[in-house]
Amino acid sequence: MKLFMVYFALLALALFAMGPFLWLLSTSLKTVGNVYAFPPQIIPWPVSFENYVGVWKALHLEKYVINTLHITAVGVVGTLLISALAAYPLARMHFPGREVVFVALLSTFVLPNPGGLIINFLTLQKMQLINTLSAVYLPSLATPFGIFLLRQAYLAIPAELEDAARIDGAGELTVWWRISLPLIKPSVATLAIFNFMGYWNSFLWPLIVLQDPDKYPIAVALQYLQGMFWDNFRLVAAGTMFSMVPVLVVFFSMQRYFISGVVGALK
Amino acid sequence: MRRYLIAYTFLTPALALLMVFTFYPIVMGLVMMFYDYTFLEPMRFVGLGNFERAFHDPDFLISLLHSIQYVIVVPPIQILSILVAILVNRRLFGISFFRTTYYVPVVTSMVAVAITWKWLYDSHGLLNYILQALHLVDKPVYWLTSKELAMPSVMMVTLWKGIGWYMLIYLAGLQSVPAELEEAAAIDGASRWQVFSKVTVPLLRPYVLFCTFMSILGALQVFEEIYVMTGGGPMKATLTVSVYQFYKAFGDYDFGYAAAVGMVVALLVAIFNLGMFRTLAKGGLRYY
């Protein structure tokens with residue numbers, strides 16, 4: 001009986017969490033006319049993919065998908081490389097200025113930045129990068145969070161492995177790429193999944209730096225689309241599903257890194 | 001000398017980018033709030049003029065009030081997250097399926113979430129249909145378009161999206177509580193409630209602190225759900241400081257003023273957090 005209550009609570013919560021998305025999915029599969037059916041159809045019948053085809057064709061969604069892929073791919077790979085490079089000397093080398101770099105990085109967690117978006121917008125404008133996709137990822141390629149996360153990971157691996165490679169005559173770049181980096185793969189995966197979600201879902205910053213709607217990533221395009229198609233929510237629903245699926249796929253396949261990342265960041 | 005060069009070679013890409021996009025904006029943002037700056041005219045020093053202007057600006061004052069009100073979502077999010085974490089912190093058939101289900105709102109973009117909820121809240125939406133079918137209301141409720149309900153409706157979305165995230169953190173916290181401690185207390189005759197309030201909760205304290213801090217920060221800076229669902233309306237009923245700052249900066253290009261407005265939020269965050277740390281330091285964890 002108690003177990004029954006627990007499962008009842010679990011199911012009710014699952015319905016609460018997933019309900020809106022199930023409704024979205026159901027709406028996106030409905031044919032013309034059903035959306036205002038009263039009472040509303042919970043299970044769409046007949047099931048139709050015409051809204052998916054429709055929204056893809058009407059809006060040329062491929063351009064938004066390509067923009068998003070571009071931003072996400074460069075953003076994730078760039079962030080990983082830059083953080084992995086920067087974290088390495090901070091974990092492994094003693095050099096003048098190390099403490100200064102360290103304190104400067106730490107300070108970003110507490111210093112208020114009242115004009116962050118504004119100043120970055122003005123800087124990118126001076127660089128004539130406004131309305132380019134690089135303006136979207138450039139400011140977030142190097143983040144203190146990524147550097148600290150990977151520094152912790154390097155500290156956890158034994159330095160002897162690197163020393164052995166150095167004795168064999170490997171240069172520092174080789175040691176880093178061939179020895180150290182492969183050993184911190186789980187942390188790199190964690191950072192990758194967080195960055196993937198961050199770049200894929202980013203909304204406010206692309207909205208600020210991109211002026212031409214053809215350059216929008218899918219999250220911003222959706223907002224734009226719902227303004228245009230408010231009377232045809234089936235299309236909006238199908239478009240929204242398109243934007244959600246990649247994140248969900250990445251999330252489900254890399255869940256354990258996501259969870260260990262949340263847990264690890266707190267230790 | 002060579003080591004020194006190598007270290008800086010590794011650090012250069014990160015440091016260069018951080019210099020331009022992180023450190024420089026911190027310094028310039030602090031400078032700019034004392035200036036009047038739009039695209040049209042050169043920067044003009046106005047001292048505290050922007051702050052003086054802000055406190056005579058009814059739109060700013062109402063947005064500030066709304067941002068402070070928005071913090072009301074924090075306690076329910078935290079309490080519900082802790083309860084859900086306790087519920088899923090057990091070995092049961094299918095438990096990982098349920099846990100995963102609860103994170104789906106977390107990983108989905110706020111825009112997708114806001115669009116979905118905007119539709120659910122519609123006067124012809126599912127929510128109104130259910131309420132009418134159950135005869136709880138006799139005509140559609142204007143969730144997002146009535147002045148009184150718009151704010152709580154948006155807060156509901158923030159809450160719904162936040163629970164899974166904090167649940168995960170609390171779950172991590174619960175799993176780090178040594179089972180022996182709870183068992184020992186139970187053997188000593190403590191009731192379940194006593195074990196929970198005297199053993200589990202105190203050990204969960206650093207997590208409560210962290211999560212509360214994060215959610216206050218999020219509540220004071222709430223943007224996307226408001227921007228997408230109401231745009232700050234109806235009649236400014238959901239205008240918060242971040243939304244107002246966005247309109248001032250990127251609608252009116254009133255950059256100096258927008259930076260000053262941002263500083264008010266930053267100070268507010270600092271005050272809230274200082275207060276919270278003090279309360280929790282005194283052992284006042286009672287609310288959780």
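Points worth noting:
- Each of A:PHE252, B:TYR244, B:GLY233 was scored by the projection of its Cα onto the charge dipole of the protein assembly as shown, and the greatest displacement toward the positive side belongs to A:PHE252; charges sit on the C-beta of Lys, Arg, Asp and Glu.
- A 1.4 Å probe over all protein chains sorts B:TRP117, B:TRP143 by accessible area into B:TRP143, B:TRP117, starting with the largest.
- Shielding by partners - mean other protein chain Cβ count within 10 Å, residues of A:91-97: 4
- With all protein chains modelled, accessible area of A:ILE42 [1.4 Å, Å²]: 110
- Formal net charge of residues neighbouring A:ALA9 (Cβ-Cβ distance under 12 Å; K, R +1; D, E -1): +2
- When the solvent-accessible area of segment B:16-98 is split by element, carbon and sulfur atoms take up 74 percent of it, the probe being 1.4 Å.
- Measuring nothing but protein heavy atoms, the accessible surface of segment A:107-214 at 1.4 Å probe radius is 63 percent carbon and sulfur.
- Other residues within the sphere of radius under 11 Å centred on the Cβ of B:LYS161, judged by their own Cβ, net out at -2 (K and R +1, D and E -1).
- For segment A:37-179, accessible area per residue (1.4 Å probe, heavy atoms of protein chains only), Å²: 49
- Computed about its Cα centre, the charge dipole of segment A:117-267 is approximately 220 debye, with only Lys, Arg, Asp and Glu carrying charge at their Cβ.
- Taking amide H positions as modeled 1.01 Å from N, with prolines and chain starts lacking one, the residues under 5 Å from B:ASP36 and 5 or more places away or on another chain are B:ARG44, B:PHE45, B:VAL46.
- Simple Cβ-charge dipole of segment B:148-277, Lys/Arg +1 and Asp/Glu -1, about Cα centre, in debye nearest 20: 140
- Pairs of lysines in chain B (C-alpha under 22 Å apart; 8 or more residues apart or interchain): 8
- With contacts taken as Cα pairs under 8 Å and at least 6 residues apart, chain B reaches a relative contact order of 28 percent.
- When the charge dipole of chain B is built from unit charges on Cβ atoms (+1 for Lys and Arg, -1 for Asp and Glu) and taken about the Cα centre, the candidate among B:THR200, B:GLN132, B:MET263 whose Cα reaches farthest toward its positive end is B:THR200.
- Full-extension gain in nm, B:ASN273 to B:VAL201, via 0.36 nm per residue minus C-alpha separation: 23.9 nm
- Charge dipole of chain A about the Cα centre (unit charges at C-beta), most positive-ward option of A:TRP45, A:GLY227, A:VAL136: A:TRP45
- Note on chain A: GNM, Cα springs under 10 Å; of A:ILE118, A:ILE218, A:ILE82, the largest mean-square fluctuation is that of A:ILE118.
- The B-A contact accounts for roughly 7500 square angstrom of buried accessible surface, both chains included, probe 1.4 angstrom.
- Summing charges over neighbours of A:ILE193, with a neighbour being any other residue whose Cβ is under 14 Å away from its Cβ, gives +2 when K and R count +1 and D and E count -1.
- GNM flexibility winner over chain B from B:LEU209, B:LEU217, B:LEU40 (Cα, springs under 10 Å): B:LEU40
- Protection proxy ranking for A:13-24, A:151-162, B:223-234, using the average of other Cβ atoms within 10 Å per residue and placing the highest first: B:223-234, A:13-24, A:151-162.
- Cα-centred dipole magnitude for segment B:195-260, charges only on beta-carbon of K, R (+1) and D, E (-1), debye, nearest 20: 380
- Candidates A:LEU173, A:LEU11, A:LEU248: whichever shows maximal mean-square fluctuation once chain A is modelled as a Gaussian network with Cα springs under 10 Å: A:LEU11
- Helices in chain B that qualify as membrane-span-like (whole DSSP H runs, Cα extent of at least 15 Å along the helix axis, mean Kyte-Doolittle hydropathy of 0.5 or higher) are B:2-18, B:58-70, B:74-88, B:95-107, B:110-121, B:147-176, B:201-220, B:255-281.
- Percent RCO, i.e. relative contact order, over chain A, from Cα pairs under 8 Å lying at least 6 residues apart: 29
- Mean ellipticity per residue at 222 nm, deg cm²/dmol - from DSSP H runs of n ≥ 4 across chain A, formula -39500 (n - 2.57): -22000 deg cm²/dmol
- Whole-number percent relative contact order across segment B:98-173, with pairs defined as alpha carbons under 8 Å at least 6 apart: 34
- When all protein chains stay in place and ligands, DNA and RNA are ignored, the 1.4 Å accessible-area order of B:SER67, A:SER260, B:SER123, largest first, is A:SER260, B:SER123, B:SER67.
The values are calculated or read from the model by the stated rules, or taken from the named source; none is laboratory data. Because the structure is predicted, anything quoted here is derived from the model rather than measured. All Cβ positions, even for glycine, are placed from backbone atoms using ideal geometry, and neighbour counts span all protein chains on display. When the accessible area is computed, the model is the full protein with side chains, heavy atoms only, and any ligands, DNA or RNA have been set aside. Shrake-Rupley method; radii C 1.70, N 1.55, O 1.52, S 1.80 Å.
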